[in-house]
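In what follows, a single structure is set out as structure tokens and then discussed.
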Amino acid sequence: MPLTVLDHALATHLITRLRDKATQPEQFRPLARALTGILIAEATRTMPLQKHVVQTPLEVVEGEQLACPVVIAPVLRAGLSMLDEALEMIPEARVGYLGLERDEQTAIARAYYCKLPPMQGSYALLLDPMLATGGSAARAAFDLYGAGAAHVCLLSMVAAPEGVSHLEVLYPEMQVVAAALDRELNASSYILPGLGDFGDRLYGTF
Ligand code: PRP
Ligand code: URA
């Protein structure tokens with residue numbers, strides 16, 4: 001499975017600010033949005049292009065444009081932190097929502113909502129800032145490929161080795177771009193060192 005871990009000074013700065021437990025939700029949200037911009041830039045680096053001729057104010061030039069329809073798929077709730085910036089960068093994208101929630105005892109993800117646009121042949125950008133056991137991302141990939149996505153790229157802020165291995169086995173063709181690859185999961189399936197519960201820190205539900 002193609003895994004890319006960002007090597008970018010600003011991304012490192014932003015992820016450190018996000019990890020800091022002193023960072024409050026009102027700071028956490030813009031930091032997450034800024035980091036999403038860097039993740040999107042990396043995730044779209046090799047997107048397929050097709051020729052597109054435009055007339056500049058001076059002459060005709062043969063340019064290129066994205067060749068596939070793009071679908072941005074945030075995983076509720078935490079992935080919502082990444083949606084606005086992703087849409088800002090790719091305004092023509094359609095949006096599909098995936099509602100997934102881990103059981104607090106078992107850490108097994110339960111799907112409670114799925115609303116996808118037409119997916120056939122699409123390039124899907126799956127937004128979920130935390131890749132822990134990989135259960136949520138695997139379920140999301142199942143839905144996106146099942147609906148016809150030609151390519152799925154998961155954009156995460158923090159990934160655990162356990163989650164990366166899980167996806168490698170189930171979806172070896174899926175692309176993963178992460179801002180940080182952390183050490184391990186703890187007994188409750190939280191990422192170490194991680195940043196805690198992303199959804200709670202985003203919305204103040206702690
Ligand atoms: C978090 C996170 C991921 C998931 C990752 O969501 O946003 O979706 O956990 O864990 P996994 O890789 O072990 O599946 P959570 O279930 O806490 O829901 P929330 O965003 O609504 O808080
Ligand atoms: N979900 C989170 O928000 N944080 C973790 O560390 C693991 C799953």
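Go through (1) within 14 Å of ligand 1 (Cβ to nearest atom); (2) touching a His at 6+ places or on another chain (Cβ under 7 Å) one by one and return the number of the condition Tyr123 breaks.
Of (1) within 14 Å of ligand 1 (Cβ to nearest atom); (2) touching a His at 6+ places or on another chain (Cβ under 7 Å), only one is false for Tyr123: (1).
Report yes if some residue within the stretch 39-58 is closer than 25 Å to Gly148 by Cα and in contact with a helix residue (DSSP H, G or I) (Cβ under 6 Å, 6 or more places away or on another chain); otherwise report no.
Within the stretch 39-58, the first condition is being closer than 25 Å to Gly148 by Cα, and the residues that meet it are 39-51.
Add one more test, that the residue is in contact with a helix residue (DSSP H, G or I) (Cβ under 6 Å, 6 or more places away or on another chain), and what stays is 40.
Within the stretch 39-58 (the criterion being closer than 25 Å to Gly148 by Cα and in contact with a helix residue (DSSP H, G or I) (Cβ under 6 Å, 6 or more places away or on another chain)), the answer is yes, since at least one residue qualifies.
Taking the options Leu35, Leu83, Leu31, Leu98, name whichever one is within 27 Å of Asp197 (Cβ to Cβ), open to solvent by less than 70 Å² (accessible area, probe 1.4 Å), without any contact (Cβ under 8 Å) to a residue 24 or more places away in the chain and touching a Leu at 6+ places or on another chain (Cβ under 9 Å). Don't jump to the end; show me each part of the working.
Values: Leu35 fails: without any contact (Cβ under 8 Å) to a residue 24 or more places away in the chain; Leu83 fails: without any contact (Cβ under 8 Å) to a residue 24 or more places away in the chain; Leu98 fails: without any contact (Cβ under 8 Å) to a residue 24 or more places away in the chain.
Every option except Leu31 fails the conditions.
Of the numbered conditions (1) more than 12 Å from ligand 1 (Cβ to nearest atom); (2) under 12 Å from Ala137 (Cβ atoms); (3) in contact with a Ser or Thr (Cβ under 9 Å, 6 or more places away or on another chain), Ala179 satisfies every one except a single condition; which is it?
(2)
Restricting to the stretch 16-52, name every residue that is farther than 24 Å from Ala124 by Cα and in a helix (DSSP H, G or I).
Of the stretch 16-52, the ones farther than 24 Å from Ala124 by Cα are 16-28.
Thr16, Arg17, Leu18, Arg19, Pro25, Glu26, Gln27, Phe28 - these are the residues of the stretch 16-52 that are farther than 24 Å from Ala124 by Cα and in a helix (DSSP H, G or I).
Report, by residue number, each residue of the stretch 110-148 that is free of Cβ contacts under 8 Å to residues at least 12 places away in the same chain and either within 16 Å of the chain's Cα centre (by Cα) or more than 15 Å from ligand 2 (Cβ to nearest atom) (or both). Give the derivation first.
Here is the first cut: in the stretch 110-148, the ones free of Cβ contacts under 8 Å to residues at least 12 places away in the same chain are 110, 142, 146.
Residues satisfying the conditions are Phe142, Gly146.
How about the stretch 102-206: which strands (runs of 3 or more DSSP E) wholly inside it have at least 3 residues that are closer than 20 Å to Val71 by Cα and open to solvent by less than 50 Å² (accessible area, probe 1.4 Å)?
Values: elements: 109-115, 123-127, 151-159, 175-181.
Per the criteria, 123-127, 151-159, 175-181.
Every residue in the stretch 13-43 that is within 14 Å of Ala78 (Cβ to Cβ) and of a type in the set (S, T, N, Q), please.
Taking the stretch 13-43 as the starting set, the residues that turn out to be within 14 Å of Ala78 (Cβ to Cβ) are 18, 25, 28-29, 31-33, 35-36, 39.
Result: Thr36, single match.
The values are calculated or read from the model by the stated rules, or taken from the named source; none is laboratory data. Just so it is clear, the structure is predicted and the values come from calculations on it, not from any experiment. Glycine also receives a Cβ, built like all others from the backbone with ideal geometry; neighbour counts cover every protein chain displayed. Side chains included, ligands, DNA and RNA excluded: accessible areas come from the protein's heavy atoms. Shrake-Rupley method; radii C 1.70, N 1.55, O 1.52, S 1.80 Å.
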